Amino acid sequence: MTLQIILNILIALMWMFLKESYDFLTFFTGYLIGMALLFFLRRFVPDAYYLFRVWKVVSLILLFIKELILSTWNIVILVYKPKLDVEPGIFALPTELKSNWEITLLANLISLTPGTLSVAVSHDYSTIYIHAMDLPDVEEEINDIKNSFEKAIMEVTR
């Protein structure tokens with residue numbers, strides 16, 4: 001991916017030199033030409049086309065914003081009920097993520113979402129312990145996290 005970005009910037013710089021115009025619009029035009037060239041010649045580059053991964057990162061950010069809004073709304077509904085009937089609890093989330101960066105990202109996304117907090121990570125990095133403010137069904141919560149955040153993180157990093 002890094003090689004493709006560097007190649008794209010080099011193509012944009014060469015475009016600027018060929019056009020003999022050193023402004024942002026010329027650089028941007030060269031960058032777009034470089035993106036098209038790398039897309040059409042992607043079978044000769046060892047890694048997958050880098051804009052696919054950029055799109056995955058953007059979709060992970062949008063997923064986090066969606067989950068942030070939904071969980072904030074759920075917390076507001078819980079807080080403003082006349083009778084607070086919550087079932088707080090701690091559950092273990094088994095994870096398929098391997099690298100420290102992936103596990104840290106998942107733990108931070110969980111902690112930044114209102115109503116949940118990452119408490120600890122097991123010594124073998126295979127389980128994250130999470131405290132939830134309202135936990136009616138543990139399996140549903142585990143499946144929600146695995147099908148949303150964990151899946152999106154794996155798409156970005158692998």
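The values are calculated or read from the model by the stated rules, or taken from the named source; none is laboratory data. Please read all numbers here as calculations on a predicted model, not as lab measurements. Counting neighbours? That spans all protein chains shown, and the Cβs are built from the backbone with ideal geometry, glycine included.
One table, with the values for the structure above:
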| quantity | calculated |
| --- | --- |
| Residue check, residue 36 among the aliphatic types (A, V, I, L, M), touching a Gly at 6+ places or on another chain (Cβ under 6 Å) and over 30 Å from residue 149 (Cα atoms) | no |
| Which numbered condition residue 111 fails, given (1) within 20 Å of residue 56 (Cα to Cα); (2) without any contact (Cβ under 8 Å) to a residue 60 or more places away in the chain | (1) |
| Any hit, region 12-33, residues being in contact (Cβ under 8 Å) with a residue 60 or more places away in the chain and out of contact with any His (no Cβ under 9 Å at 6 or more places or on another chain) | no |
| Verdict on residue 7 being over 22 Å from residue 149 (Cβ atoms), in contact with a helix residue (DSSP H, G or I) (Cβ under 8 Å, 6 or more places away or on another chain) and not hydroxyl-bearing (Ser, Thr, Tyr) | yes |
| Number of the condition not met by residue 11 [criteria: (1) out of contact with any Gly (no Cβ under 7 Å at 6 or more places or on another chain); (2) of a type in the set (A, V, I, L, M); (3) not assigned by TED's automatic domain parsing to the domain that holds residue 140] | (1) |
